[in-house]
Amino acid sequence: MSDEMRLQYPGLLREVLPSGTVRWRVRKAGDKKVRVLLNAGPDHPRFGEHYHAARAGIQLPPEDDAPSAIKGSIGWLVDLYRTAMKDMQEQGHLHKATAISVASSCYGLPQR
């Protein structure tokens, strides 16, 4: 981390996890022991808002528009499938009980 970053954002910590993923945390102002996880990195447009909330000891939730899975992964396919099932149910092409039954068999969930 550069010295400029430290001067602009006191208490900002860059942590590299064993997987190589970078995690950003902030020390709460006035309490060095409390560290708040940032759900936005320095390149995010709303980073300043997340940073100042973390300095106050408040963790803001991640953005809703953030993708929940990497495109092309199994998680991405599951998200597409769930969205399609929900759309079919809302359009009246799929009964709710059928959607629950299919989801139960696919995800190993107990049927109601």
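The values are calculated or read from the model by the stated rules, or taken from the named source; none is laboratory data. The shown structure was predicted, so the numbers you read here are calculated from the model rather than taken from an experiment. All Cβ positions, glycine included, derive from the backbone under ideal geometry; neighbour counts span all protein chains shown. Just so you know, the surface numbers come from the protein's heavy atoms only, side chains and all, with ligands and any DNA or RNA stripped out. Shrake-Rupley method; radii C 1.70, N 1.55, O 1.52, S 1.80 Å.
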Report summary line: Subset of region 58-73, residues modelled with pLDDT under 85, in contact with a helix residue (DSSP H, G or I) (Cβ under 9 Å, 6 or more places away or on another chain) and not polar (S, T, N, Q), comes to 67, 69, 70
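Residues are listed down the side, and each one gets a yes or a no for (1) modelled with pLDDT of 90 or more; (2) open to solvent by 70 Å² or more (accessible area, probe 1.4 Å):
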{"residue": "5", "(1), (2)": "no, no"}
{"residue": "8", "(1), (2)": "no, yes"}
{"residue": "15", "(1), (2)": "yes, no"}
{"residue": "25", "(1), (2)": "yes, no"}
{"residue": "53", "(1), (2)": "yes, no"}
{"residue": "56", "(1), (2)": "yes, no"}
